Structures are given as structure tokens and as C-alpha cells.
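One structure below.
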Amino acid sequence: MSVERDILAKNDREANANRREFSRLGIFALNLVSSPGSGKTTLLVETIGRLGGELPITVIEGDQQTSNDAERIRATGAKAVQVNTGKGCHLDAHMVGHALERLAPAADSVVMIENVGNLVCPSAFDLGEAHKVVVLSVTEGEDKPLKYPDMFAAADLMILNKCDLLPHLAFDAALVEANARRVNPAIEILRLSATTGEGMDAWLAWIRGGAVEARRRRAAAAPRAQGCACAEAAAKA
Amino acid sequence: MHEMSIAESVRGIVEETAAREGFARVMEVRLEIGRLAAVEPEALRFCFDAVMRGGIAEGAVLAIDETPGTAWCFGCSDSVPVAMRGEPCPRCGGGQLQVTGGTGMRVKDLLGN
């Protein structure tokens, strides 16, 4: 009995539904992935602090347990929804779809999805985001992109975080970048420190660029939709 | 262990197919898993047995066909086989490779009655 069905098709369908919703609302959505402790939540808190005034940012927080991260985000004044995956090691598109119903993000805003700290499993699950952003801190090894290639292959941007610590470490930043490009020749790379703010401007500019593009697409799609409604009304008249 | 989620998705596809075909039992399930699909076949076997327990495919044989990884080498301007991501081109030794195949995961067929 031939079946011939993609195993992840169900997740991909739900991811596409999330993507359509983001697109309809002109939302720029990012899926932040990393190992535990790379500084994703600190990066988000600092990003909201610097950008939140001009660009509304809401957050979906994924962790196996606790709502600690969502509370850290809410302390900035931004809206955050915590998803506990229980025994699960990653967020899937279905969980994110439900979280979006609770989050109810505004049109023309930014949604940050902080995935479960895990450099393996989240790589396989599309959530409907515009880009996966992999955060790697300089206190980890330069060979992380080679040890966990699927994640670095799935990401469009790598953020090298905690760069303020570089003078104190025997960490070769050029080597980690070369390793990331070995598994993904097209990956973009930004070096920054969320704690000192060094390099944050380039990251904020990257987000602004994506948000502007998401808005532009929504605006470009809107007149067509109105045109359809007018045509229907005209046909009825 | 996202292999557990993968196994649960397989169970969903197997159950839907069996219901459509009117099968009372599924004896064998065959998957095609790309070598670069981020799935460990042995972990998937373990999860498959656990997830199928108590269902229509309990005790079913799991057959896994592994498909080779392929990539486009920018140095050779050609498609080359790759065993793992991040490895250099097997022909020219260059590091500029874009994976093009062997990332898929499919339920190929099943045997039921």
C-alpha cells in the first residue's frame, strides 16, 4: 500500500498558516534558537528596551518548564506568552499557532519566538517565521557549527553574543564564523554584546529592515484585497 | 529527542491511511529518511516502537530506507555526494557546499490487512 507522505507535512501546513497570518498582519517574525545559556532572553530584553519605543515587539517564550523568561520579558513592558513544552525539546507550529491566539500581536509589529534552548531539535520544525536566528555565545566552542550543523544550516543569521568577553577568552571569532559558513555559505553574521550594547545597532537595523519589508508587503497586498471587495460590491449592485 | 515527535507524526499518517483502507492491523511501515534530515534512525526505531504501542501498528516492523545527501559544490560547479553537513567537497576539498538533497522524511508505504 503506497503512502508517499511527507512526515513533517502536518507541521509544515500549520507553519504555513502561521506564516499567512504574519503576512496578513505585516508582522516580521523571528525564531531564536541556541543552546541554553547563550543569552537569548537578555538579547530580547535589550532589544525591546532599545527598539520597543518605535516598533512594537511581542514574544513567545518556549521552555520545558517555568515562566521565568516570559516574566523577564514582561518586566520590559512587552507582551509575552510562555509555552511550556513539558517533555518536548522544541516548539512546533501548532504550539506557536495557539500562542499567537493568546498573544494577539498588532499589525506591523515584530514577533520574537524564543525557542527551547537546544541546538538540535528545533532545527527540524518550521514555525512560520521569516528567519531562524541562531545565537552562539563566545563562551561556547568554535566548533559548535560543525558539531550541530543542522541548526546553522537552517538559520539565516548567526549572532555571536557576549563579545565583550573576547579579550578574556581563547576564543577565535574568525574561526567560528568560518565554521558557520562551512555548513551554510549564505549565513549572515553579527557580533555583539547584549550586556554592553556593543554591536547592537547592526542587529536593530537588521530587525528594522525586516519589519519595513513585512509592512511594505502587507501594504502592497491590501489594495488588491480592497479591489476584490469593490468588484464584488459592483457585481451585486 | 525530536524523534518522538517524528514518530508521532508517522503514527498519524499510518492511522489515517489504515482507516481509509479499512485495515484492522498494520504489519510493516516503510520510511524514507534523508541522511541529512537531522534524524537518527536508531532513535527513531526506539520511539516508533514506543509510540505505536496500543495502536493499530503495535509491533509493526519499521523499515527505513536512507537516501544519500547531495550538495552543490561552488568550486566544482557540480552536484556532489555528502555524508555530513560541514564536510569538505569529496572531489575538490572545497568548503563552499549548498545541500540540495537528502533532507526529506517520508512515509513510503505500509503493509496492512
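The values are calculated or read from the model by the stated rules, or taken from the named source; none is laboratory data. Small disclaimer: the values here were computed from a predicted structure and weren't measured. Using ideal geometry, Cβ is built from the backbone for each residue, glycine included, and neighbour counts are taken over all protein chains shown.
Values for this structure:
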read-out	value
Candidate set: segment A:44-61, residues that are assigned to a helix (DSSP H, G or I) and within 16 Å of the chain's Cα centre (by Cα); chosen: the one farthest from A:Pro122 (Cα to Cα)	A:Leu51
Matching residues in segment A:1-38 - criterion: being away from chain B (no Cβ under 14 Å) and more than 14 Å from the chain's Cα centre (by Cα)	A:Asn16, A:Ala17, A:Arg20, A:Glu21, A:Ser23, A:Arg24, A:Leu25, A:Gly26, A:Ser35, A:Pro36, A:Gly37, A:Ser38
B:Ala63 surrounded by fewer than 17 Cβ atoms within 10 Å (Cβ to Cβ) and modelled with pLDDT under 95	no
Residues satisfying the stated conditions in segment B:13-47, i.e. at the interface with another protein chain (Cβ under 8 Å from one of its Cβ atoms), surrounded by 15 or more Cβ atoms within 10 Å (Cβ to Cβ) and of a type outside the set (A, V, I, L, M, F, W, C)	B:Thr17
Any hit, segment B:50-73, residues being more than 12 Å from chain A (Cβ to nearest Cβ) and among the hydroxyl-bearing types (Ser, Thr, Tyr)	yes
Qualifying positions in segment A:161-176 - surrounded by 18 or more Cβ atoms within 10 Å (Cβ to Cβ), free of Cβ contacts under 8 Å to residues at least 40 places away in the same chain and either touching a helix residue (DSSP H, G or I) at 6+ places or on another chain (Cβ under 6 Å) or part of a helix (DSSP H, G or I) (or both)	A:Cys163
Test: residue in segment B:15-25 that is within 11 Å of the chain's Cα centre (by Cα) and not polar (S, T, N, Q)	no
Options A:Val120, A:Val183, A:Val176, A:Val134: the member that is away from chain B (no Cβ under 12 Å), among the β-branched types (Val, Ile, Thr) and under 22 Å from B:Val39 (Cα atoms)	A:Val134
For B:Val107: the one exception among (1) within 14 Å of the chain's Cα centre (by Cα); (2) in contact (Cβ under 8 Å) with a residue 40 or more places away in the chain; (3) more than 12 Å from every other protein chain (Cβ to nearest Cβ)	(3)
First in segment A:126-137 and closer than 21 Å to A:Asn11 by Cα, second anywhere and among the basic types (Lys, Arg) and surrounded by fewer than 24 Cβ atoms within 10 Å (Cβ to Cβ), Cβ under 6 Å, 6 or more apart	A:Gly128/A:Arg19
Checklist (1) in contact (Cβ under 8 Å) with a residue 40 or more places away in the chain; (2) β-branched (Val, Ile, Thr); (3) more than 26 Å from A:Ala205 (Cβ to Cβ) applied to A:Val120, failing item	(1)
